[in-house]
Amino acid sequence: MAARETATLGGGCFWCLEAVFDEVRGVTDVVSGYTGGGGTNPPTYEQVCSGRTGHAEVVQVEFDPAEIAFREILEIFFAIHDPTTLNRQGNDVGTQYRSAIFYHSEEQRRIAREVIAGIGRGQTIVTEVAPAPVFYPAESYHQDYYKNHPEQGYCAFVVGPKVSKFRKTFADRRRAV
């Protein structure tokens, strides 16, 4: 079995990121969850939404580096969220919606910095780059949320357009369905 790598990314609501990365060729698993906050117990969705725990909504993406490179994962990540808005993605406001890359190796940190430098010309990128702390999977009802609720208002008007943008912009990176 080939080695797998993990990427942990925050870019607003985890439903958006999960829905996109579920369709990426080379991605073997995507889990919505929380990281980057305080405390030793898993936080609840309500606690994270309060903004008081310091956690970000993130996805933990497991991928096969023989099929997709970490750099490509980041290219998709930066295309589907706005890395120039501090603690905000659209109407989702708060530190839990911050743009963040929680790296799992020195190589990931280096690549993240290179990608940010490449896209940052002429604009301020506010994406946090930090070591990956403890990851807590979100409650089960958050997993595969878009897949299970595509007609729900937020999914139709926020998640759906991001998925469509991915499909159009990265058609060559899309998993065969």
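The values are calculated or read from the model by the stated rules, or taken from the named source; none is laboratory data. Keep in mind that this is a model prediction, so the values were computed, not measured. Glycine also receives a Cβ, built like all others from the backbone with ideal geometry; neighbour counts cover every protein chain displayed.
Quick notes on this one:
- The set of residues in segment 60-81 that are touching a strand residue (DSSP E or B) at 6+ places or on another chain (Cβ under 8 Å) and either part of a helix (DSSP H, G or I) or free of Cβ contacts under 8 Å to residues at least 40 places away in the same chain (or both) comprises Phe70, Ile73, Leu74, Ile76, Phe77, Ile80.
Quick grid of which residues meet (1) at pLDDT 95 or above; (2) touching a Phe, Trp or Tyr at 6+ places or on another chain (Cβ under 9 Å); (3) surrounded by fewer than 17 Cβ atoms within 10 Å (Cβ to Cβ); (4) of a type in the set (Phe, Trp, Tyr):
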site: Phe14; (1), (2), (3), (4): yes, yes, no, yes
site: Phe21; (1), (2), (3), (4): yes, yes, no, yes
site: Val31; (1), (2), (3), (4): yes, yes, no, no
site: Thr40; (1), (2), (3), (4): no, no, yes, no
site: Arg52; (1), (2), (3), (4): no, no, yes, no
site: Val61; (1), (2), (3), (4): yes, yes, no, no
site: Asp64; (1), (2), (3), (4): yes, no, yes, no
site: Ile73; (1), (2), (3), (4): yes, yes, no, no
site: Glu106; (1), (2), (3), (4): yes, no, yes, no
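- Glu57 under 15 Å from the mean Cα position of the chain (by Cα), at pLDDT 95 or above, surrounded by fewer than 23 Cβ atoms within 10 Å (Cβ to Cβ) and not in a helix (DSSP H, G or I): no
- Here Glu151 clears all of (1) exposed (fewer than 13 other Cβ atoms within 10 Å of the Cβ); (2) not in a loop (DSSP other than H, G, I, E, B) except the condition numbered (2).
- A Cβ distance below 7 Å, combined with a sequence gap of six or more or placement on separate chains, defines the contacts here; from segment 1-12, residues that are over 28 Å from Asp92 (Cβ atoms) reach residues that are modelled with pLDDT of 95 or more and in a strand (DSSP E or B) in the pairs Arg4/Thr28; Arg4/Glu62; Arg4/Phe63.
- Taken together, the residues in segment 139-175 that are among the β-branched types (Val, Ile, Thr) and within 20 Å of Asp29 (Cβ to Cβ) amount to 2.
- Residue that is farthest from Tyr136 (Cα to Cα) [pool: residues in segment 1-12 that are out of contact with any Asp or Glu (no Cβ under 7 Å at 6 or more places or on another chain) and at pLDDT below 95]: Met1
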